[in-house]
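> The structure that follows is given in the form of structure tokens.
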Amino acid sequence: MRFERIGREPDYSRYMDLKEGWLDRRIFSDADIYEEELYRIFARSWLFVAHESQIPNSGDFLTTHMGEDAVIVARQPDGSIRVMLNSCPHRGNKVCFADAGNTRRFVCNYHGWAFDTAGDLKGMHEEYCYDAGDIDFKNHGLKNVAKVGNYKGLVFATFNSDAPSLEAWLGDFRWYLDMILDNEEGGTEFIGGCIKSVISANWKFGVENFIGDAYHAGWTHDSGTRSMNNGQPFPPIDMDNSYHASVNGHGWEFGTEGVGDLFLLGRPKVMDYYNKIRPKMAERLGEMRSKIFGSVASASIFPNVSFLPGISTFRQWQPKGPMQFELKTWVIVNKNMPDDIKEEVTKGVMQTFGPGGTFEMDDGENWENCTTVNRGVVTRHERLHYRCGIGRQIEHDTLPGIVYRGQYNDANQRGFYQRWLDMMTHDEFGKMPARPEPQLGNVGETRNLPGLFAL
Amino acid sequence: MLDRPLAPPPVEVIVAVTQALHREARLLDNEDLDGWLAMLGKDVSYRLELKSRRFRADRSPPFPLGPGVIFNEDLGRLKMRVDRLKSGFVWAEDPPNYIRRAVSNVEVLATRADNEVRVHSVLGMHRNRIDGTTRLLTAGRTDLWRSEGSAWLLAAREIVLDHSVLPDSNLNAFF
Amino acid sequence: MLLGEDEMNDNIADLVDSRTGRQSRSIYASEDIYRQELERIFGRCWLFLVHTSQIPKPGDYFRTFMGEDDVIVIRQKDGSIKAFLNSCTHRGNRICRADRGNARAFTCNYHGWSFSPDGALAGVPLENEAYFGELDRTKFGLIPVTKVAEYKGLVFGCWDANSPSLDDYLGDAKFFLDVWLDAMPGGSALLGETQKMVLGTNWKLPVENVCGDGYHLGWAHAGAMAAVQSMDLTGLSVGNSGVDLDGGLSVAGMNGHMVLSALDGVSGYAFYPDPKPILEYLEANRQTVIDRLGEVRGRQVWGAQVNITIFPNLQLLPGLNWFRVYHPKGPTQIEQWTWAMAENDMPEAVKAQILENQCLTFGLAGLFDNDDGDNLTACTEQSRGWRTAQMDVYTNMALGRSGKREGFPGDIASGLVSEHNQRYFYRRWQEHMMAETWAEVPTYNINSLTDEEAEHA
Ligand code: FES
Ligand code: FES
Ligand SMILES: [Fe+2]
Ligand SMILES: [Fe+2]
């Protein structure tokens, strides 16, 4: 038997048929495909780099990665935010080794080139050794990314100068994002630090799990659910009033019962708090969204950010080779919450989705096995089943995006891989189809139009 | 018959046995194999059984002849292993590897016999083989130590190795 | 950089010259060659899965690998044996994380799909609620291994639908396999848990070591031989100071399988500190075995040190009684799995002694085994340098000194110290690596015994 090898003719459409609902396993471990993902997806997408609350003051910075490229995110004296490669233009050394801090200068350890927080080269050790004309200071700063954008506190950056605006990239998904970013006056912030863990799995498994995989919860997390729920299993899902919604590869799966995730957080005070502000939330976001918030739900922003609205864990899956990612997690809260509620949220998140959390502990093992076992030369050629709910697409007069009925569904996963395929196959960014065509003109305004999308 | 709980051994015994464990580790690290053999009782039993990863609810019966072993040694066989290591022909140990043992979690418990104690401990063994090849092996041990005259001698040791696949190309070393 | 198909084949023609006994060192470390091996050798050959004694009852299962593919081998209700990829058809998760056991179903950790021992998708949580009853379960059973077949207790699997039958694949190697599998009426068994270790070696090096390398024994294992050898019957002496060419055979030319055999009928037990009970067993049953297998095998081979290699990665040593497969884990790493092997007619005490002695000599802390790992690892590492990768190594001992031997099949060289078998091993490797399909792989059983000879033997 003769298996064709990857990398000879990268026709990525061979690896999936989303109308039929299958994927080829090679996309989860093949080194050539991964390398191509770094170029075509990570070097071209808008990528989350920080929450603005992490760097409130001039000179505040943090270091992170865009794909596998190390970057510095720094607040400027004028309040703007810049993102630049964390690599010295002289010999390429890493310039900043700290996770975060406040500084006026980044000085490279190797030969002492010094950069300001905008990345401009300001001087160096033994500057006299360069003759006039040897060095053009303007062109030897830290390379800035092409664009930086901010959506209600979330800072994104892209290496791609042809990328559409961040607003267009998020598109109608902003309607959903506002449920976590704007459900209360004052917006959100990250509290506490970042927890990092390394998992030997392909990055897409984390994203697809959060984008739509409610199905695993009742089985994988059975022990955790029972321990938090007096020995009772995961409550039944109302398949008529729960949904998958997908926009340009972003996705949110959710119920409309309003309490499931808040319940799983296991902190009654937090539940009370949200019940108290819910009428106000309805004024801000409309009836529908105030009902969705707090339900059993999970979401991902293409390509590699996920969160659980209601449970308040916010996370990013940073790729580290085809078979490994670094998971970074934060706790996101509303800025105007009283301190004791913020603390309750933090406790709840640690108890459930911290590295030792009752739910978190179950997932990594599955993803690792999904990745490693699929490397076998025979195994990798077998297809995987992504057909759940394939016939349940609906038009909904309130919910934007590609909407499917029933929370147990692979619809958002299909949407994610469709976008993956779009990016892997389209050389020109502008030629990629919108999925779906935007429905909501200026969704940025929805907050000011209470009731427009009410039930 | 009701077992009365045993009183803990006297502090001097605990100290002496703990010291013996540390001394044993040092002798092995220093390749003083004869010194180590001298710390063993004549009837010593030194065992490490094979195991497999099985589901908690698994119903398959044990093997009639047992699972097999990595070590099932008496004094004679340990001497044989020491003879091999000292033969000058064990090329994998020449030049000597850098080995360091750390003994911890020592618990000394009384037994029915006055001159014997049961001892639980954990052994971490660092082995730096050629160049950068370094392995860390860990094992749990349950021992029986017996005082004979002024010395404490090892009478029995059950070792549990914490690796389902041995991560090294040999085990020319004692736990 | 991946080589194109043609370049790869040209390249492979160059890498090995089995006429003069030369191999390029790149075959021990190159990533490209390794990938090709996974397809053309492990994806094509019959691979050992399990011994029937390891899964005696319905529902008994054993987890193993075919190349790098994780598989579960399961005894069915009707007593037959099936094997499947150990991978869920939903998201690909590993279904079974235990080494072995008995189960009525395999339930995936991720979403709870469960598969029955015959591989069928038997249960899907929320099948009606989530899939609205529309999931065609018959299409999502576990992926079966294309072919599974048994030869006298040894179960093999094969991915290639066009492969020869297991019987034809084994060819004349069965003549030697029977010395263990069929010597006594009760058949054979493997004993104890799997002895697993990771070695930083290319998978071909341990295979060539055991398939033909009697030469290293007196030197590499000198320390162990000095410490335990109970009789001097192998014709090999400590420190490689002497060799006996009459005492044994190197047999090859059987579809890539090879045998080393002493001819004294007892030397398999030369490394047992106390061989007496086993020698008594051999004595007591010698006539039975002669009646079953004939003079040559019954008197000379049964009980002697015999190394059998079934291409590509199975080796068994009746006599010394260890049985081993090598699972490749990349070009420069393997997992080595070992068991003790016994005949079912042996008294319990003899079996127990075999298990004990196999663990002592070739177990994880085996007196002999512990000498080999570092040599194999170093041969691999020393093939990875920029300069060393361009160099060759040689298996050119005793070239052109083989032929037919009365009573035995195969192309045979005298003695246990020769590199005759290794040359055939690399020749087979090359034949597979250059062939696009099974049809292009030659079949040969050199000097096959005629029916009459077989009868006479
Ligand atoms: S991956 Fe096995 S049930 Fe989903
Ligand atoms: S003498 Fe054989 S590898 Fe060196
Ligand atoms: Fe989960
Ligand atoms: Fe050997």
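The values are calculated or read from the model by the stated rules, or taken from the named source; none is laboratory data. Since the structure is predicted, the reported quantities are computational estimates derived from the model, not experimental observations. A quick note on method: Cβ atoms are made from the backbone with ideal geometry, for glycine too, and the neighbour counts reach across all protein chains shown. Note: areas computed on protein heavy atoms with side chains; ligands, DNA, RNA excluded. Shrake-Rupley method; radii C 1.70, N 1.55, O 1.52, S 1.80 Å.
> Over 5 Å intervals from 0, what percent of Cα-Cα pairs in the stretch A:53-110 sits in each interval?
For the stretch A:53-110, the binned pair fractions read 4, 20, 30, 25, 15, 5, 1 percent.
> In square angstrom and rounded to 100, what buried accessible area do you get between chains A and C, total over both, with the probe at 1.4 Å?
3900
> Here's another thing I want to ask about it. Would you calculate the separation in nanometres between label points at B:L37 and B:L136, each defined as 7 Å from the Cα along the Cα-to-beta-carbon direction?
Output for this residue pair reads 3.4 nm.
> What is the packing order of peptides A:310-318, B:54-62, taking the mean over residues of other C-beta atoms within 10 Å and listing the highest first?
Answer by packing, highest mean first, reads A:310-318, B:54-62.
> Ok, one more. How many angstrom separate the Cα center of the stretch B:126-173 from the Cα center of the stretch A:363-389?
First find each Cα centre; the distance between them is then 38 Å.
> At 1.4 Å probe radius, can you tell me the per residue accessible area of the protein assembly as shown in Å²? Walk me through the numbers on the way to the answer.
Working: 41560 Å² over 1087 residues.
Here the per-residue accessible area is 38 Å².
> Here's something else I'd like to know. For chain C, what is the calculated [θ] at 222 nm in deg cm²/dmol (nearest 500), taking -39500 (n - 2.57) for each run of four or more DSSP H residues and dividing by its residue count?
-8000 deg cm²/dmol
> Helix-only mean residue ellipticity at 222 nm, chain A, DSSP H runs n ≥ 4 weighted -39,500 (n - 2.57), per residue, nearest 500. What is it?
-7500 deg cm²/dmol, from helical runs alone.
> Here's another thing I want to ask about it. Just which residues of the stretch B:69-96 lose 20 Å² or more accessible area with every protein chain there, against their chain alone, with the probe set to 1.4 Å?
With the partner chains in place, the stretch B:69-96 has these residues losing at least 20 Å²: B:V69, B:I70, B:N72, B:R77, B:M80, B:R81, B:R84, B:F89, B:W91, B:A92.
> Sort A:205-211, C:214-220, A:151-157, A:402-408 for me by packing, meaning the mean count of neighbouring Cβ atoms within 10 Å per residue, highest on top.
Working: A:205-211: 25.7, C:214-220: 19.7, A:151-157: 21.3, A:402-408: 23.4.
Averaged packing, sorted descending, gives the order A:205-211, A:402-408, A:151-157, C:214-220.
> What GluC sites (Glu not before Pro) in the stretch C:383-457 are in a loop by DSSP, with at most 10 other Cβ atoms within 10 Å of the Cβ? Provide the component values of the computation, followed by the final result.
Working: sites: C:E406, C:E419, C:E431, C:E436, C:E440, C:E452, C:E453, C:E455; in loops: C:E406, C:E419, C:E436.
Qualifying residues, ordered by number: C:E406.
> Follow-up question, since we're still on this one. Not counting ligands, DNA or RNA, and with a 1.4 Å probe, what is C:E283's accessible surface area in Å² rounded to the nearest 10?
Surface open to solvent at C:E283 totals about 150 Å².
> Report the Cα centroid-to-centroid distance between the stretch A:184-206 and the stretch C:357-429 in angstrom, as an integer.
One Cα centre to the other: 53 Å.
> Tell me which residues come under 5 Å, amide H to amide H, from A:M16 once H is placed; ignore anything under 5 positions away on its chain.
A:D24
> Separate question: Can you tell me the FRET efficiency between A:F137 and C:D392 if r is taken as the Cβ-Cβ distance and R0 is 51 Å, rounded to the nearest 0.05?
0.40
> In whole Å, what is the distance between the alpha-carbon centres of the stretch A:110-127 and the stretch A:269-297?
Here the two parts' Cα centres lie 50 Å apart.
> Hey, if we sort A:K335, A:K147, A:K342 by accessible area with the 1.4 Å probe, largest down, what's the order?
A:K335, A:K147, A:K342
> For the stretch C:360-409, which trypsin sites (Lys or Arg not before Pro) are in a loop by DSSP, counting at most 10 other Cβ atoms within 10 Å? Working shown, then result.
On the way: sites: C:R384, C:R387, C:R401, C:K404, C:R405; in loops: C:R384, C:R387, C:R401.
Answer by residue number: C:R387.
> So, one more: Can you give the mean number of other chain Cβ atoms that lie within 10 Å of the Cβ atoms in peptide C:103-116? It would help to have the intermediate numbers written out before the result.
Details: counts 5, 1, 0, 1, 1, 6, 9, 14, 10, 6, 2, 1, 0, 0.
Taking all residues of C:103-116 together, the mean is 4.
> Which sequence of C:T138, C:T309, A:T256 reflects their accessible areas, 1.4 Å probe, from the largest down?
Details: C:T138 125, C:T309 0, A:T256 35 Å².
Most to least solvent-accessible, the answer reads C:T138, A:T256, C:T309.
> Let me ask you something else. Can you list the residues of the stretch C:143-164 that have at least 10 square angstrom less accessible area with all protein chains present than in their chain by itself, probe 1.4 Å?
By number: C:I143, C:W159, C:D160.
> If you don't mind, another one. Do any GluC sites (Glu not before Pro) in the stretch A:93-189 lie in a loop, going by DSSP, with at most 11 other beta-carbon atoms within 10 Å of their beta carbon, and if so which?
A:E126, A:E185
> Roughly how large is the C-B contact in terms of buried accessible area, totalled over both chains, probe 1.4 Å, nearest 100 Å²?
Buried area (both sides, nearest 100 Å²): 3800 Å².
> Using a 1.4 Å probe on the protein chains only, how many percent of the accessible area of the protein assembly as shown belongs to carbon and sulfur?
Values: 20690 of 41560 Å².
Heavy-atom surface of the protein assembly as shown belonging to carbon and sulfur, 1.4 Å probe: 50 percent.
> So, one more: Only protein chains counted, 1.4 angstrom probe. Which residues of the stretch C:305-354 are at least 20 Å² less accessible in the assembly than when their chain is isolated?
Listed by number, the residues meeting the 20 Å² cut-off are C:E348.
> Given the DSSP H assignment, sum -39500 (n - 2.57) over each helix run of at least 4 residues in chain B and divide by its residue total; what's the result at 222 nm in deg cm²/dmol, nearest 500? Mind dumping the intermediate values first?
Numbers: 3 runs with 36 residues, N = 175.
So the helix-based figure for chain B works out to -6500 deg cm²/dmol.
> Using the Kirkwood formula on the Cα atoms of the protein assembly as shown, what hydrodynamic radius do you get, in angstrom to one decimal?
Kirkwood radius, the protein assembly as shown: 33.0 Å.
> Ordered by residue, what ³J(HN,Hα) values in Hz, to whole numbers, does the stretch A:230-241 give under the Karplus form 6.51 cos²θ - 1.76 cosθ + 1.60, where θ = phi - 60° and Gly and Pro are x?
For the stretch A:230-241, the Karplus-derived couplings read 6, x, 8, x, 4, x, x, 9, 8, 6, 7, 10 Hz, x marking Gly and Pro.
> Just round it to a whole percent: the fraction of Cα-Cα distances in the stretch C:171-456 exceeding 24 Å. Spell out each step's value before the answer.
Details: 20102 of 40755 pairs.
More than 24 Å apart: 49 percent of the Cα pairs in the stretch C:171-456.
> Okay, moving on. Add +1 for every Lys or Arg and -1 for every Asp or Glu among the other residues with Cβ under 10 Å from the Cβ of A:W367, and state the total.
-2
> Starting from the Cα of C:T443, step 7 Å toward the Cβ, then list every residue of the stretch C:141-185 with an amide N under 15 Å from that point.
C:161-174
> What's the percent breakdown of Cα-Cα distances in the stretch C:47-149 across 5 Å bins, shortest bin first?
Over the stretch C:47-149, the share of Cα pairs per 5 Å bin runs 2, 13, 25, 25, 17, 9, 5, 2, 1 percent.
> Something else now. Under a crude label model (7 Å from the Cα following the beta-carbon direction), how far is A:D240 from A:D222 in nanometres?
Computed distance between label sites A:D240 and A:D222 equals 2.8 nm.
> How many nm is it between the label spots at B:R59 and A:D162, if each spot is 7 Å from the Cα in line with the beta carbon?
Here the modelled spin labels are 6.3 nm apart.
> Also, I was wondering about something else. Heavy atoms only, 1.4 Å probe, whole protein assembly: order A:S227, B:S52 by accessible area, highest first.
Accessible-area ranking of A:S227, B:S52, largest first: A:S227, B:S52.
> Could you derive backbone 3J(HN,Hα) for the stretch A:194-201 from the dihedral phi with the Karplus parameters 6.51, -1.76 and 1.60 (θ = phi - 60°), listing whole Hz in sequence and x where the residue is Gly or Pro?
These are the phi-based 3J(HN,Hα) values: 10, 9, 10, 9, 9, 10, 7, 9 Hz.
> Shifting gears a bit: For a Förster distance of 22 Å, can you work out the FRET efficiency between the beta-carbons of B:S164 and B:N128, rounded to the nearest 0.05?
The value I calculate is 0.45.
> Which of the peptides B:78-90, B:125-137, C:85-97 is most tightly packed, and how do the rest follow, judged by the mean count of other Cβ atoms within 10 Å per residue?
Ranked by mean Cβ neighbours within 10 Å, highest first: C:85-97, B:78-90, B:125-137.
> Where a Cα-Cα gap under 15 Å defines reach, which aspartates and glutamates qualify for B:K79, not counting those fewer than 8 residues away within the same chain?
Reachable aspartates and glutamates: B:E31, B:D32, B:D34, B:D43.
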